[in-house]
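Here the structure is laid out as structure tokens; the discussion comes afterwards.
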Amino acid sequence: MAEPGTPVEEIMTSPPRSVEPDATVDAAARTLTTHRIGSLIIGEDPIEGIITETDIVAGVADGLDLSSTPVTELMTGPVVTARPTDSVETAGQRMGRNSVKKLPVTERGRAVGIVTTTDLAHHLPRRGVKMAAHREPEMEKGEFE
């Protein structure tokens with residue numbers, strides 16, 4: 001098991017999957033299913049957003065035509081991120097404060113990996129991360145990096 005000081009780069013999935021901003025939601029859903037993952041990063045340099053299974057389900061519930069709806073219509077942005085050298089504990093706290101389950105790991109604005117709550121659950125000791133209940137104030141203004 002990872003210790004709280006373990007850098008995120010040791011538990012992240014790399015490289016992360018991404019799609020272009022003009023991709024359709026149904027194409028994104030097929031990619032998620034094919035690769036058995038829960039999110040896709042939108043754009044590459046810089047990251048424009050992230051789309052998750054939950055976002056796609058919301059689109060279905062809203063009756064959107066997923067074959068013509070671009071992922072940018074359902075994506076979340078700005079994206080909460082971490083650096084590869086951030087500790088696993090820091091990443092978990094950031095996820096908790098911002099109510100996100102997927103945390104892209106970036107270097108100079110480019111995604112180099114992704115950490116999920118499942119990754120944290122597999123790698124943290126029981127005493128590990130205390131998930132914060134409140135959003136980081138600076139996230140209202142843009143990407144945290």
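The values are calculated or read from the model by the stated rules, or taken from the named source; none is laboratory data. For clarity, every value in this text was computed on a predicted model and none was experimentally measured. A quick note on method: Cβ atoms are made from the backbone with ideal geometry, for glycine too, and the neighbour counts reach across all protein chains shown.
Quick notes on this one:
- Residue match in the stretch 77-84 (condition: surrounded by 14 or more Cβ atoms within 10 Å (Cβ to Cβ) and among the hydroxyl-bearing types (S, T, Y)): yes
- The set of residues from the stretch 1-16 being acidic (D, E) and at pLDDT 90 or above comprises E9, E10.
- Residue list for the stretch 60-85, restricted to those being closer than 15 Å to I50 by Cα and among the acidic types (D, E): E73
- Condition check for T72 on (1) in contact with a strand residue (DSSP E or B) (Cβ under 9 Å, 6 or more places away or on another chain); (2) closer than 18 Å to K101 by Cα; (3) part of a helix (DSSP H, G or I): one failure, at (2).
- Unmet criterion (only one of (1) among the aliphatic types (A, V, I, L, M); (2) outside any helix (DSSP H, G or I); (3) under 18 Å from S14 (Cα atoms)) for L66: (3)
- Within the stretch 87-109, the set of residues being modelled with pLDDT of 90 or more and not in a helix (DSSP H, G or I) comprises S87, S99, V100, K101, K102, L103, P104, V105, T106, E107.
- Candidates R17, R36, filtered to the one that is under 16 Å from the mean Cα position of the chain (by Cα) and without any contact (Cβ under 8 Å) to a residue 12 or more places away in the chain: R36
- Taking the stretch 19-59 as the range and being among the small types (G, A, S) and part of a strand (DSSP E or B) as the test, the residues that pass are S39, G49.
- Members of the stretch 87-112 found to be among the small types (G, A, S), in contact (Cβ under 8 Å) with a residue 40 or more places away in the chain and buried (at least 20 other Cβ atoms within 10 Å of the Cβ), listed by number: A91, A111
- Here A132 meets the list (1) at pLDDT 95 or above; (2) over 14 Å from the mean Cα position of the chain (by Cα) almost entirely, failing just condition (1).
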